[in-house]
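Colleague: Next up is a structure, given as structure tokens.
The values are calculated or read from the model by the stated rules, or taken from the named source; none is laboratory data. Since the model is a prediction, treat every value here as computed from it, not as a measurement. Cβ: placed from backbone, ideal geometry, glycine included. Neighbour counts: every protein chain shown.
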Amino acid sequence: MTAAAMVAEFDDVAGWTADAVEELGVRYAIPAACRGSASPAALAWLAEACELSAGTRLLDVGAGAGGPAAWAAERFGVRPVLLEPMQAAGRAAARLFGLPVIAADGARIPLRTGSVDAAWCLGVLCTVKDKAALLGEIHRVLTPGASLGLLVVVAGSPQSLPGPEGNHFPTQDELAGLLDRTGFTLLEQTGRPDAAPLSWSRRVEQVNAVIAARHQSARAYTLAARQGERLSRLLATGQVSMQLIHAVSRPAPNTSFDSGDGTSAGPIFEYVEPELRS
Ligand SMILES: C[S@@+](CC[C@H](N)C(=O)[O-])C[C@H]1O[C@@H](n2cnc3c(N)ncnc32)[C@H](O)[C@@H]1O
């Protein structure tokens, strides 16, 4: 995931978002840091489907600026761990919410096998070429029978319009096959539930306005805006749709769960956790 447009969309904008929230106030943080991926209704559907509760260790893979995980911590009392490969996005999540963020690729999660109670992966699959590697690795770190909540942009009719650069949207059949092959049972699925209420979307708009005022002339701003417009056009014309999915992890028949500290890779970088709330 190195296309300049994706770095602009996921990294530059995340950093700018944290700066804008610092100016506007902490109540802007969660809506602004869920940008483009989820409404409170979508998050509630996923949280209820995954039966999140106080103390659940929730791994958010591709957590971005951390809004969904922070929402789950605030509303359901989960203990989130965020995983995000983009440095500015990870730092934004740590700055905004003081949550632990691991800087890593989802295909190589530096956590122990079977160490996580539940996982979310929201708006990430379509940005990843090797979707099976990502899902397989999430399966490895989940306890058997654990829930996976997904938000996936699914391709419907053949795309006649250009999509956001670097995105590869799976069809419904491809997605179902991928989940099955990587050890998940798809339990339920719904199209995106109700849009965000004005109380939420107005805050997002205000954050957007601050970002535009500060960065409109930056190349990264133009690239990120084009990514958003392309996705919006595909959604508006029905060529892709946003789907919420609840899957559960089946025990892997040929994998013996290790007892020690075997991990797939890499160091864990936890960002310093300065409190944003002033
Ligand atoms: C559309 S954003 C969604 C962010 C967040 N999940 C949310 O809902 O607000 C997609 C995120 O996936 C991350 N991502 C892309 N490739 C990834 C990979 N291989 N492993 C983990 N995360 C990845 C991006 O850096 C970006 O933060």
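Colleague: Among the residues of the range 120-164, which ones are within 29 Å of A225 (Cα to Cα), part of a strand (DSSP E or B) and within 14 Å of the ligand (Cβ to nearest atom)?
Modeller: W120, C121, L122, G149, L150, L151, V152, V153 - these are the residues of the range 120-164 that are within 29 Å of A225 (Cα to Cα), part of a strand (DSSP E or B) and within 14 Å of the ligand (Cβ to nearest atom).
Colleague: Here is a further query. Please verify whether A65 is in contact with a strand residue (DSSP E or B) (Cβ under 8 Å, 6 or more places away or on another chain) and farther than 19 Å from H246 by Cβ, treating the condition exactly as stated. Step through it out loud before you land on a result.
Modeller: Working: in contact with a strand residue (DSSP E or B) (Cβ under 8 Å, 6 or more places away or on another chain): no; farther than 19 Å from H246 by Cβ: yes.
Against the criterion (in contact with a strand residue (DSSP E or B) (Cβ under 8 Å, 6 or more places away or on another chain) and farther than 19 Å from H246 by Cβ), A65 does not qualify.
Residue-wise test of (1) modelled with pLDDT under 95; (2) in a loop (DSSP other than H, G, I, E, B); (3) within 18 Å of G90 (Cβ to Cβ).
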{"site": "M1", "(1), (2), (3)": "yes, yes, yes"}
{"site": "M6", "(1), (2), (3)": "yes, no, yes"}
{"site": "W16", "(1), (2), (3)": "no, no, yes"}
{"site": "W45", "(1), (2), (3)": "no, no, no"}
{"site": "S53", "(1), (2), (3)": "no, yes, no"}
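Colleague: Do we have R95 as among the charged types (D, E, K, R), at pLDDT 95 or above, more than 15 Å from the chain's Cα centre (by Cα) and outside any helix (DSSP H, G or I) here? Break it down stepwise before answering.
Modeller: Details: among the charged types (D, E, K, R): yes; at pLDDT 95 or above: yes; more than 15 Å from the chain's Cα centre (by Cα): yes; outside any helix (DSSP H, G or I): no.
No; evaluated as a whole, the condition is false for this residue.
Colleague: Take the range 183-234 and flag every residue that is within 19 Å of the chain's Cα centre (by Cα), surrounded by 14 or more Cβ atoms within 10 Å (Cβ to Cβ) and in a loop (DSSP other than H, G, I, E, B).
Modeller: R192, P193, A196
Colleague: Residue by residue through the range 74-101, note down the ones that are surrounded by 24 or more Cβ atoms within 10 Å (Cβ to Cβ), near the ligand (Cβ under 10 Å from one of its atoms) and within 30 Å of P251 (Cβ to Cβ).
Modeller: Correct list: L82, L83, E84.
Colleague: Failed condition for L52, given (1) within 14 Å of the ligand (Cβ to nearest atom); (2) within 20 Å of V152 (Cβ to Cβ); (3) in contact (Cβ under 8 Å) with a residue 24 or more places away in the chain, with all others met?
Modeller: (1)
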